[in-house]
1. Mind checking which of A:197, A:255, A:50 has the largest fluctuation in a GNM of chain A, springs on alpha carbons under 10 Å?
2. Of all the C-alpha pairs in the range A:201-257, what % are more than 13 Å from each other?
3. To the nearest whole number, what is the average tally of beta carbon atoms from other chains within 10 Å of the beta carbons of peptide A:291-300?
4. How well do other chains shield peptide A:199-212, expressed as the mean number of their Cβ atoms within 10 Å of each residue Cβ?
5. Would you calculate the separation in nanometres between label points at residue B:120 and residue B:135, each defined as 7 Å from the Cα along the Cα-to-beta-carbon direction?
6. Give me the dipole magnitude in Debye, nearest 20, for the range B:219-288 about the Cα centre, with unit charges on the beta carbon: positive for Lys and Arg, negative for Asp and Glu.
7. Could you check the spin-label model distance between residue B:215 and residue B:77? Points 7 Å from the Cα along Cα→Cβ, value in nm.
8. Under a crude label model (7 Å from the Cα following the beta-carbon direction), how far is residue A:265 from residue A:109 in nanometres?
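Bear in mind these aren't lab numbers, they're just calculated from the coordinates by the rules spelled out. Note that this is a predicted model, so its numbers are computed, not measured. Reconstructed Cβ throughout: ideal geometry from the backbone, glycine too, with neighbour counts over all protein chains shown.
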Amino acid sequence: MDSSVISRPRPPSSHIDIGGPQQALLSVRGLIKHFPLSRSMFARGPATAVRAVDGVDFDIRKGETLGVVGESGCGKSTTARLVMQLTMQDKGELVFDGQTVGSRALPLRDFRRQTQMVFQDSYSSLNPRMTIEDSIAFAPSVHGVPHKQAIVKARSLLDRVGLSPVRFAGRYPHELSGGQRQRVNIARALALEPRLVILDEAVSALDKSVEAQVLNLLLDLKEEFGLTYMFISHDLHVVRYVSQRVLVMYLGEVVEIGDVNEVFDNPRHPYTQALLRSMPSMDPNRRTEEPPLSGDPPNPINPPSGCRFHTRCPHAQPVCSQTPPPLSDETGHAVRCLMYQPGSGHSAAPMGVAA
Amino acid sequence: MSVIDMPVHTPDTVADSTPFLSIRDLHVRFSAGRKTIDALNGVDLHVARGETVALIGESGSGKSVTLRTLMRLHPPRRTTVSGRIEVGGRDVLAMSPKELAAFRGPVVSMVFQEPLLALDPVYTLGQQIEEMLRRHEPLSRDQARARALALFERVRIPSPERRLDAYPHEMSGGMRQRAMIALALACRPQILLADEPTTALDATVQIQILLLLRELQHELGLSIVFVTHDIGAAAEIADRVAVMYGGRIVEQGTMSQLLTAPRHPYTIALLKSRAHGAMEPGQRLETIAGSPPDLSALPPGCSFAPRCPLAIEACHAAVPPLTPLGNGQTARCIRLDQTASHTQGFVHAARP
C-alpha cells in the first residue's frame with residue numbers, strides 16, 4: 001500500500017492532548033443506568049427496573065486498549081453506549097481528558113467527534129441506501145468539512161483499511177462481504193479523527209481467518225493514528241491478544257480490573273477464575289471435566305443481595321450475602337471480593353489492620 | 001432415569017468398525033435465480049456408532065448444508081443432490097415422504113444454533129415435546145408428559161415441572177438450548193446432528209452444554225455430528241474432525257492429529273490465525289490472504305489454491321485426490337510433502 005496517499009492526520013485544534021500522557025483519557029465515575037420496567041396498574045411495591053449498569057468506575061488510559069469481558073446481560077454494551085452518550089446515564093459522570101463530558105468546556109458535540117464506535121452487526125450499522133464512500137464522508141460533512149474534501153478523505157481511508165477506492169467507493173453495503181463491511185465501519189469511525197474508539201464485539205461476527213485480518217488492521221491503525229481502544233468481546237483469547245488492561249463485569253458491576261497478564265495469569269475474583277476456566281482447553285487429552293459455573297447469571301432486575309456473585313460462588317460464606325464488597329483500590333489490579341478485603345469477616349480475608 | 005428407559009449402549013461399544021452413517025461423494029447444488037451454487041462438491045464422511053465427529057469450517061464451507069442434506073431439509077425443487085447417504089444400511093436419498101417422517105426423530109434428529117427460531121413460540125415446551133412423542137409412539141397424554149418431564153430432568157433443567165409449561169421466550173439462552181436438546185432426544189435417536197449448538201451462548205454456558213452433550217453421548221451411545229467454526233469447542237467434544245472448505249472435506253483425522261500435526265495448508269493457516277494464550281504481546285496474527293471462494297464460480301482445481309502459499313500450477317488444474325497420511329488421517333492436497341515441516345506446536349496452553 002502506498003503510504004504517501006494518506007498522511008498521518010494532524011489533530012484539529014479541538015483534539016489537543018490537554019492533560020498530558022499521564023492523565024487518563026476517559027474517567028468513568030459512579031455510572032448508573034437503570035431501565036424502568038412498565039408495571040401494571042395494580043402492581044404493589046416499589047417500581048422495578050433492570051439494573052443494567054450499577055455503579056461502574058474505571059479509567060481508560062491514553063494509548064491503551066482496555067478489554068471488557070463478561071457474560072451477556074452483564075452490562076458491557078450498555079456501558080459502551082453510555083460512554084458514547086448514546087444513552088444517557090441516570091447518575092455518574094464521564095471525564096474526558098480532564099474535562100467533564102457535557103460541560104461547557106466539552107459540549108457533547110465536541111466529545112462525540114473524539115469518540116467513535118464500531119458495532120457487531122456490520123450490515124445494520126450502515127445505511128443501505130448510501131454508497132460506502134458517502135457513508136464514510138457523512139459524519140465529516142455534518143461536522144462542517146466541505147463535501148468534496150470529505151469524499152477525498154473517505155477514499156484515502158478506504159485505501160488505508162485495505163479496500164481499493166476504485167473498486168469499492170461506489171458500492172452499496174449489500175455488495176460487500178462481512179469482513180469488507182466491517183472495514184468500512186472502521187474507516188467510518190476514523191473519519192472524524194477520533195481519539196477513543198469503542199469496538200463493541202466488532203470482530204465477533206467474522207470468520208476466524210477474516211477476524212485475524214481485521215484484528216491486525218485494528219492494531220496497525222491504533223499505532224498509526226495514536227488511538228485508544230475500548231474493546232468489548234466475549235472471546236477471551238482475542239481480548240488477551242489485543243488488550244493492555246482488562247475489565248471484568250458481572251451483573252452491572254466491575255468485579256475485577258487490571259493489567260491483562262495479571263488478570264489472565266493470576267485471576268483473583270472467583271468469577272474471573274471461573275470465566276477463564278470456561279475457555280475450551282484446545283487439548284483433547286485434557287478436557288474440561290466439571291463445568292466451572294453452573295446455571296445462568298441471575299436476573300439483573302432483582303440482583304442478589306450483598307456480593308452479586310455469591311449465588312454461584314464456590315467460596316461464598318454467610319457474610320457474602322449481607323455485605324456488598326467494595327472494589328479494592330489497588331492501582332494495578334483491583335478486585336471486588338470480600339476474600340481480599342482486610343477485616344471483611346470472610347474467613348479467607350487477610351487480617352484487619354490493627355487500629 | 002427409571003421413567004425413561006433410554007436404549008442402553010455401553011460406552012465401550014464406541015469402536016464399532018462398520019460406519020453407522022456413511023456419506024459418499026455427496027454433491028448438492030442450489031439454483032437461485034440465474035445462479036447455481038455448488039454448496040457441496042464431493043463429500044465423503046463416515047461416522048461409527050457412538051462416535052462424535054466435528055465438522056469445522058468457515059461460513060459457506062458446506063458444514064450446515066451437509067447436516068441439512070442428511071435430514072433432507074432442503075426444498076427439493078431448488079436443490080439437486082447426487083451421491084449416496086446411508087444410515088444404518090438404509091438409503092436416505094431414496095426415502096418416500098412417509099419413510100422420511102419416520103426417519104426424522106427416531107433415527108436422526110437435530111439441534112439448531114438458535115433455539116428461539118427453531119422452537120414454536122406459541123406452544124409451551126411441554127406441548128412441543130409431547131406432540132413429537134405422540135406423533136411417533138402410541139402414548140397417552142399422561143405418559144407423554146411423564147416422558148417429557150424425565151427428559152427435562154435428564155438435561156438438568158432446574159424445576160423441570162414448571163419449565164414444561166413455559167414458553168420458549170420465557171427461558172434464558174442456555175435453558176432453551178437444553179430444552180432443544182431434550183426435544184431432539186425425545187424419540188431416542190441414534191444420530192444427533194448439532195448445528196453450532198453453542199455459538200450463541202456465553203463461554204460459561206457453552207462449556208455446560210458441551211459437557212452435557214458429551215455425557216449424553218456416553219450414556220446413550222449416540223453418534224454425534226457436531227458442526228462448529230470454533231476449534232476450541234470441537235476439541236472439547238469430538239473424537240474425529242473433518243475440516244471443510246469450499247464444499248469439500250479437505251482434511252480429516254482425530255482431534256489430536258489435527259491439533260498437533262495438521263497437514264492441509266488451510267488447516268495449518270486456520271490454526272495459526274487464532275489468537276491464543278501463548279502469544280507474545282504485539283506479535284501479529286498470521287492471516288490467510290484473500291477471501292473464501294465464491295460457490296457460484298468455483299475454480300476447477302483445489303478451491304483453496306488461490307489463497308494458498310504453497311500452490312503450484314497443478315493445484316489450479318484439478319481437484320486434488322484424498323491422500324491417506326496414516327492412522328486414519330487424510331488430506332486433499334498435492335503438496336503434502338511441503339507441509340510436514342509446519343506441523344509442530346499447535347497445542348497451546350490456552351488456560352492460565
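1. A:50
2. 65
3. Neighbouring Cβ atoms belonging to other protein chains average 5 per residue here.
4. Mean shielding by partner chains, rounded to a whole number: 5.
5. 0.8
6. Magnitude of the dipole: close to 300 debye.
7. 4.6
8. Once both label points are built, they end up 4.9 nm from each other.
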